[in-house]
Amino acid sequence: MPIRTKIAAATVAGLATLVAAYAGAERLHAANGTMLPNGWTITPTGQITPLGTLPLRVIEDATGHWLAVSNAGYGPQSVTIVDEHTGAIAAIAPLAKTFYGLAFAPNGKTLYASTAADGGIRRFAFDATSGSLRDLGAWQIGTGTQWIAGLAVSSDARVIYAASNATNELVALDAASGTKRWATKVGDQPYAIALSPKDEFAYVSDWAGESVDVVNAASGENVARIKVGPHPNALLASPDGASLYVACANDNTVYAIDTKTNSVRAHFDVALIPNSPEGSTPDGLALSTDGKTLFVADAGNDAVVALDLASGLVIGAIPLGWYTTDVLVAHDGSQLIALDGHGIAGHANPRYPHPDAWPTSKQGANPDRYYVAELATGDLERLAVPDQKSLAAGLSAARNNVAGVVARMMTDCYSVHCVAPDQIPISPAPTHVIYVIKENRTYDEVLGDDPRGNGRADLAIFGAKITPNIHSLADTFVLLDNFDVDAEVSADGHNWSTAAYSTDYVDKLWPSTYSNRRQDYDYEGSAASRPSAGYIWDAAIAKGLSVRDYGEFTDFSTRAGDAEKPVVASLVGRIDPHYRGFDLHVTDQSRMDEWIREFNQFVKTGDLPAFEIVRLPNDHTAATRAGARTPYAMVADNDLALGRMIDALSHSRYWKDTVVFVLEDDAQAGPDHVSDHRTEALIIGASIKRGFVDDTHYTTSSMLATIEAILGLKAMSQYDSGATRLRSDFASVADPTPWTALKPNVDLTAVNPPKANGAKASLLLDLSGADRADAATFNRILMQWAKSHKPSTETPGRP
């Protein structure tokens, strides 16, 4: 289909500032075939209206002239009204907090929006002539423990139904007074609501479970719970009321429920490629006007697929923007409207928030606008409902956008270990893997001063002086200067780093947590956030391999000195309980002391686990909190710990058959002139090339796919299955020469003084876990400190 990227202009005076903010900074609009940081390509179709961060839900008013969109991301949250015919923005109503819930009254004169953690429903008077909104205030359902998700309004406009996600309730309110009629318990973390045509029943998707609840809409009695696929989200009732369609994010399916019997009639595979592992993430539903085609928003595939309900097969697709979150067909059947959550291109962020990179004229500007979560603004996309020929062409285009997945599908990599053409090109192949996950740094921050790569030395605040071992390892082995993480922050980063996937639960909620709109941080190992295929250690365990975990997905809330505990059952008995997880009071040297203690024992007994995963978190730093170690000290501590690991390994019997992979879980903590997802990453071992510069585009999933190739594991998601593996970095002949760690150039014990720049603000930061603190504030403190400090100020007598 033709690519049309006409950007609709707002026509209402006074909205220019908000629209400009929503459009983001240094946004690069996609041309045909723009590659995203994850290595996939997007070819957006239709006319595009830029919106805010994470547009999540789109609905149409009764006249068929206006669209309402909830913007529920990291940036300013709002309800936006868009002219369905021109794409122009007519109104933006700011909301402190909002989420998925959005509903028009049947007469179109009132618009309701969820207020998420504020525990209520915001009401707006809607003018269908101008598209304007007038705030009527909010009705509170509860406070403290509430999280209002989906909304629905009865056909007689007398009752409003709300999904209270945090309390696992469906609540009915009187539409005239806002008083509660009833509340009933439903399944785990309810998300969406659909009403039967005659308002007899309310259907609720249990987002963190595998079920849909059927509730008597008059009495509130929960009459049935129907088992469906994992992570059910969007619901759609057919116009005749005979069927309810359920999008299940974690297994690429849509379930069709027979509403007469409250049983599953069928379930459909809606991935771009049949029988794919998870990763398509269906999360939006719409029916064609003739009822024969179901359009499904596949967030993970950046497309809407067309499902023929008669055959149960995907017959077409519409390539759209990054992370498609919703879809609808206009009442008159003329248009298909969809949302993308992350936009139509990636971003560079060289000005975030490095003071030296800011021109003098920009000093008064807000550097937060260059934060990765602020840059990821989404869009509304409009196009004519495509015919069968266009849908078929679109399916081909969408599959080409994920060409790596298609290629590996042809070799059956989803069900068995993929041998050719991605076998490790060295014999004998290595048999042990050590996988190191660090925290939050960008490529330019650390390796930007390496003249061999595509870096900017002026952004390398943790350059060779602070990280001599990382630089030596990149120089001795491979410099990867085009490595993008799949994640944006630690919440999704530790999922991508261990599962090559982040669920829709994580992706849709972490922006609210990171913008201080949600208190929970349940993104590392909780049942709600867990991918269906599990994690990389689960794949290794299923293969019968030995696994040892050091600090990843362990309980870091216990007191210092207490034994660590795993947060997922599969790691029970497989962690080192004396290795501390994320705790900035603990040095990475003490962590490495413990790792080396166990490693030496494994060397003695000859039973080094086939797969080890090691968390080295201190390059996160504690900003400039008084009494905490300085940023230079913490990053240098992290650097030396990694150096000591490789030193110990390379002087052992296991050097010849072990490969060490090192990455950051995300790249949110600083500037990079190429991509806000680019990080420093390393591949190390006797079987790895020496002195090699590899500018191939790799991702987190590439690293996991390479680990899987070594250990003979199945792919966990579409992303590692389709990723480019680090095959070029393996030598044809192993080099057993050991590597020796370098001493630090800075004092690892240096602490921030009470009057350090940003000390007061740092004291207010929550440093109890990765990314608990406000990221923009944290990084601004860190970069302002770096401007006034040079590594030589902490040199312990050694140049």
Completion exercise
Two pseudo-spin positions, 7 Å from Cα along C-beta at residue 263 and at residue 315, lie apart in nanometres by 2.8 nm
Exercise for the section: Report the relative contact order of the range 429-576, percent, no decimals, based on alpha-carbon pairs under 8 angstrom and at least 6 residues apart. Expected result: 13 percent
Completion exercise
Non-local residues with an amide H under 5 Å from the amide H of residue 686, with H modelled 1.01 Å from N and Pro and chain starts lacking one, are 658
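Can you give the FRET efficiency to the nearest 0.05 for residue 427 and residue 396, using r as the Cβ-Cβ distance and R₀ = 35 Å?
Details: r = 39 Å, r/R0 = 1.11.
Here the calculated transfer efficiency is 0.35.
Add -39500 (n - 2.57) for each DSSP H run of 4 or more in the chain, then divide by its residues: what number comes out at 222 nm, to the nearest 500 deg cm²/dmol? Let's see the in-between values first.
Details: 15 runs with 149 residues, N = 799.
Taken over the chain, the calculation gives -5500 deg cm²/dmol.
Multiplying the sequence separation of residue 788 and residue 63 by 0.36 nm and subtracting their Cα-Cα distance, what value in nm do you get? Walk me through the numbers on the way to the answer.
Working: separation 725, 0.36 × 725 = 261.00 nm, distance 5.91 nm.
This chain segment gains 255.1 nm when fully extended.
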Handout entry: GluC sites (Glu not before Pro), loop per DSSP, at most 16 other Cβ atoms within 10 Å - longest free stretch of the chain
Key = 222-799
Completion exercise
For the range 557-611, shape from the Cα gyration tensor axes a ≥ b ≥ c, cut at a/c of 1.5 then a/b versus b/c, turns out oblate
Exercise for the section: Take the Cα of residue 216, step 7 Å along the line toward its Cβ, and report every residue of the range 161-194 whose backbone nitrogen sits under 15 Å from that point. Expected result: 182-185
Handout entry: Alpha-carbon centroid distance for the pair the range 374-407 / the range 494-556, whole angstrom
Key = 28 Å
Exercise for the section: Tally up the carbon and sulfur contribution to the accessible surface of the chain as a whole percent, 1.4 Å probe, everything protein left in place. Expected result: 52 percent
Completion exercise
Residue by residue through the range 730-735, the couplings from Karplus 6.51 cos²θ - 1.76 cosθ + 1.60 with θ = phi - 60°, in Hz, x for Gly and Pro, are 8, 7, 7, 9, 5, 10
Problem - In sequence order, calculated HN-Hα J values of the range 338-351 (Karplus, 6.51, -1.76, 1.60; Hz; x Gly/Pro) - result: 9, 10, 10, x, 10, x, 10, 6, x, 9, 9, 9, x, 9
Handout entry: Å² per residue, accessible surface of the chain at 1.4 Å
Key = 33 Å²
Fill in the blank from the handout: Binned at 5 Å starting from 0, the alpha-carbon pair-distance distribution of the range 149-228 in whole percents comes out as 3, 19, 31, 27, 14, 5, 1, 0
Exercise for the section: Find how many whole Å separate the alpha carbon centroid of the range 138-206 from the alpha carbon centroid of the range 707-749. Expected result: 50 Å
Handout entry: Pair residue 275, residue 334: separation of 7 Å Cα→Cβ label points (nm)
Key = 4.4 nm
Completion exercise
Everything considered on the Cα gyration tensor (a ≥ b ≥ c; rounded for a/c under 1.5, else prolate if a/b is larger than b/c, else oblate), the range 218-357 must be described as prolate
Completion exercise
Relative contact order of the chain (C-alpha contacts under 8 Å, at least 6 apart) in percent is 12 percent
Exercise for the section: Can you give me the P(r) profile for the chain? Cα pairs, bins 20 angstrom wide beginning at 0, each as a whole percent. Expected result: 17, 50, 29, 4, 0
Problem - Rounded Å value of the spacing that divides the Cα centres of the range 284-337 and the range 634-697 - result: 42 Å
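When DSSP beta bridges are limited to those with both residues in the chain, what percentage is antiparallel, rounded to the nearest 5? Walk me through the numbers before you get to the answer.
Values: 124 of 147 bridges.
Of all bridge pairs located within the chain, approximately 85 percent are antiparallel.
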Exercise for the section: For residue 457 and residue 127, calculate 0.36 nm times their separation in residues minus their Cα-Cα distance, and state this gained length in nm to one decimal. Expected result: 113.4 nm
Exercise for the section: Have a look at the range 696-751 and give its Rg and Dmax from the Cα atoms, expressed in angstrom. Expected result: 17.2, 46
Completion exercise
Applying the span-like rule to the chain (DSSP H, Cα extent along axis at least 27 Å, Kyte-Doolittle mean at least 0.0) gives 631-650
Handout entry: Sparsely packed trypsin sites (Lys or Arg not before Pro) within the range 225-264, loop by DSSP, other Cβ within 10 Å at most 14
Key = 260
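The values are calculated or read from the model by the stated rules, or taken from the named source; none is laboratory data. Everything numeric here is computed off the predicted structure, so don't read it as measured data. For neighbour counting, all protein chains shown are included, and Cβ atoms are generated from backbone atoms with ideal geometry for every residue, glycine included. Heads up: the accessible areas ignore ligands, DNA and RNA and are worked out on the full protein's heavy atoms, side chains in. Shrake-Rupley method; radii C 1.70, N 1.55, O 1.52, S 1.80 Å.
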